[in-house]
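*Asks:* Here's a structure for you.
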Amino acid sequence: VQLQASGGGLVQAGGSLRLSCAASGRTFGRYAMGWFRQALGKEREFVATISWSDGTDYADSVKGRFTISRDNAKDTMYLQMNSLKPEDTAIYYCAAALTPWGPVQTNADEYNYWGQGTLVTISS
């Protein structure tokens, strides 16, 4: 399984970005997917997850601002990020869960495939 994250960049606070994660190597639609992020000097943290049945969950820090979605026909997951804040600055990683037909997964240990990360920088 390969995951390719893209869409990062530099935007001003209050702006928007849409991240994409293209998957290959197995039947994409059967697995929960997630976004995590890691800021400089901090631990990796959960951002958002979407199950095979389109259930979603978000970190409190991004609820109401970020939206996770997936297009199974394109084997791609998205993260629409609005009202961005400087504290959203991080490398964003997409991940795919190990077990098919599972629920949303907020724990990084439930994911065994990771993309390379895409850098998001929010200026104040």
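*Asks:* Restrict the check to the stretch 20-40 and report whether at least one residue is among the charged types (D, E, K, R), surrounded by fewer than 18 Cβ atoms within 10 Å (Cβ to Cβ) and under 11 Å from the mean Cα position of the chain (by Cα).
*Replies:* No, the stretch 20-40 has no match at all.
*Asks:* Looking at (1) modelled with pLDDT under 95; (2) surrounded by fewer than 16 Cβ atoms within 10 Å (Cβ to Cβ); (3) touching a Ser or Thr at 6+ places or on another chain (Cβ under 6 Å), which is the only condition ASN82 fails?
*Replies:* The failed condition is (1).
*Asks:* Evaluate the stretch 77-88: report whether one residue or more is farther than 23 Å from SER124 by Cα and out of contact with any Gly (no Cβ under 7 Å at 6 or more places or on another chain).
*Replies:* So far as the stretch 77-88 goes, yes, one or more of its residues are farther than 23 Å from SER124 by Cα and out of contact with any Gly (no Cβ under 7 Å at 6 or more places or on another chain).
*Asks:* Specify the residue that is least open to solvent (accessible area, probe 1.4 Å); the eligible residues are those in the stretch 89-124 that are assigned to a helix (DSSP H, G or I) and in contact (Cβ under 8 Å) with a residue 40 or more places away in the chain. Give the steps one after another, and end with the answer.
*Replies:* Looking only at the stretch 89-124, we keep the residues that are assigned to a helix (DSSP H, G or I), and these are 108-110.
Adding the requirement that they be in contact (Cβ under 8 Å) with a residue 40 or more places away in the chain leaves 108, 110.
Working: ALA108: 21, GLU110: 83 Å².
The residue in question is ALA108.
*Asks:* So which of SER124, SER24, SER51 is at pLDDT 95 or above and polar (S, T, N, Q)?
*Replies:* SER51
*Asks:* Being closer than 18 Å to ASN72 by Cα, open to solvent by 30 Å² or more (accessible area, probe 1.4 Å) and free of Cβ contacts under 8 Å to residues at least 40 places away in the same chain, is that true of even one residue in the stretch 50-57?
*Replies:* yes
*Asks:* Give the residues of the stretch 7-64 that are acidic (Asp, Glu) and part of a loop (DSSP other than H, G, I, E, B), sorted by residue number.
*Replies:* GLU43, ASP54, ASP60
The values are calculated or read from the model by the stated rules, or taken from the named source; none is laboratory data. Keep in mind that this is a model prediction, so the values were computed, not measured. Cβ: placed from backbone, ideal geometry, glycine included. Neighbour counts: every protein chain shown. Protein only, heavy atoms only, side chains kept; ligands, DNA and RNA dropped before computing areas. Shrake-Rupley method; radii C 1.70, N 1.55, O 1.52, S 1.80 Å.
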